[in-house]
Amino acid sequence: MKTPATTATDPVRDYLSAVERETSVLPADRRQELLADLAEHIEVTRAERPDAAMGEVLAELGDPRTIAATALAEAGSGSGEPAPAPARRGKVHPLVPLLMLPLSLAFIVVFPDQPGPLFGVLFRIVGAVLLCTSVHWTAVQKTTGVLLTAVLPTVVIVTWNLSSGGPTGDGPALLANVTMLALLTGVSAWLWRVRRA
């Protein structure tokens, strides 16, 4: 003959048994610590609010599966898999490539003779590499940024110099440089706004 079930007579024991079942993959000491904490919380709540129904006290603690999922996530063993790695932090501040790209043109404009173009090209290459390897932007944002701040200005400058044999006057060259600087600054500002922390 079967003995009557204890679920109706001892809801606390049933609750703790459910938590114990759900956390069976936890190490035994961690599982016992969790169960002891829950039992203590139940006792303290009973002492502070003797009129509260036991179902209400247990409902405040939460569903045993939710408690188990939280404990498993904290232990890094949820579903037998390791906890997800923390978000990667960038080694270089996102402002560095965003300043290097517009400054590349400034070096070329301010110092048209050596070493200005050399520093300008170096800044453009390093800025593009830092932008591509950064964790602060998505792949689409990186591609857009490199195309608009490194590739397009280089193509425009090379085309300008090859088609006209170099700048033919201060007016058109100044207008082209100011337009290119505005483009670089605008793209850098956009990248700054859409960056991930």
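General observations
- Solvent exposure of residue 140, expressed as accessible area, is near 110 Å², computed with a probe of 1.4 Å over the protein chains only.
- Rounded to the nearest 10 Å², the accessible area of residue 192 at probe 1.4 Å: 80 Å²
The values are calculated or read from the model by the stated rules, or taken from the named source; none is laboratory data. Remember, predicted model here, so these are calculated numbers, not experimental data. SASA here: full protein model, heavy atoms, side chains in, ligands and nucleic acids out. Shrake-Rupley method; radii C 1.70, N 1.55, O 1.52, S 1.80 Å.
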